[in-house]
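These notes concern the structure reproduced below.
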Amino acid sequence: MIFEHFALNVENPVGMANWYVDNLQMKVVKNLDKPPHTHFLADTTGRVIMELYNNPAAKIPDHNSAHLLEFHFAFMTANAEELKNKLIAAGAKLEENLKLDDGSHLATLRDPFGLCVQLCQRTNPMMKI
């Protein structure tokens, strides 16, 4: 089995997709220009990882009130400090900034749409690219 994507019902899928493209190097690989405005986003490896849409048939979770441990997704980065500052300048809010004993840096921010995003600069990365 290969993980294809996870889906989120959000208030503004178009704006959110644009923010992730502009600020986290995501790429829109498929989208609908009419409701529910579905957008599939891939990371820099080309894998589809996130589906965003606005479907009134289901409740839109209140991501702003969720604790970062309830839900977050993470991006591997070579420079968490630099990317953290870039995202803050683009409207994200810092939730947690951890520097671990092994030298890893984990910064968790809340994007302008309320979702928590973790930036992982690990001394020993969990993935190879």
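Is it the case, given these coordinates, that residue 94 is surrounded by 14 or more Cβ atoms within 10 Å (Cβ to Cβ), more than 20 Å from residue 128 (Cβ to Cβ) and within 14 Å of the chain's Cα centre (by Cα)?
no
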- Which is at pLDDT below 95 and either open to solvent by less than 30 Å² (accessible area, probe 1.4 Å) or under 22 Å from residue 15 (Cβ atoms) (or both), of 71, 113? 71
- Task: Determine which single condition residue 83 fails, assuming it passes every other condition in (1) open to solvent by less than 50 Å² (accessible area, probe 1.4 Å); (2) assigned to a loop (DSSP other than H, G, I, E, B); (3) at pLDDT 95 or above.
- Result: (2)
- Look through 52, 8, 41 and report the one residue that is open to solvent by less than 50 Å² (accessible area, probe 1.4 Å), assigned to a strand (DSSP E or B) and under 24 Å from residue 82 (Cβ atoms). 41
- Which residues, counting only those in the range 86-110, are under 29 Å from residue 9 (Cβ atoms) and either at pLDDT below 95 or basic (Lys, Arg) (or both)? 86, 93, 110
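Would you check which residues across the range 11-26 are touching a Leu at 6+ places or on another chain (Cβ under 7 Å) and either open to solvent by 50 Å² or more (accessible area, probe 1.4 Å) or within 13 Å of residue 112 (Cβ to Cβ) (or both) and list them?
16, 17, 20, 23 - these are the residues of the range 11-26 that are touching a Leu at 6+ places or on another chain (Cβ under 7 Å) and either open to solvent by 50 Å² or more (accessible area, probe 1.4 Å) or within 13 Å of residue 112 (Cβ to Cβ) (or both).
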- Query: Pick from 30, 59: which is of a type in the set (D, E, K, R), more than 19 Å from residue 126 (Cβ to Cβ) and part of a strand (DSSP E or B)?
  - Reply: 30
- Would you tally the residues in the range 55-68 being open to solvent by less than 80 Å² (accessible area, probe 1.4 Å) and either on the phi > 0 side of the Ramachandran plot or not small (Gly, Ala, Ser) (or both)? 5
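The values are calculated or read from the model by the stated rules, or taken from the named source; none is laboratory data. Quick caveat, the model's predicted, so the values are computed rather than measured. So basically every Cβ, Gly included, is an ideal-geometry build from the backbone, and we count neighbours across all protein chains shown. The protein model used for the area step is the full one, side chains on, heavy atoms only, and it has no ligands, DNA or RNA in it. Shrake-Rupley method; radii C 1.70, N 1.55, O 1.52, S 1.80 Å.
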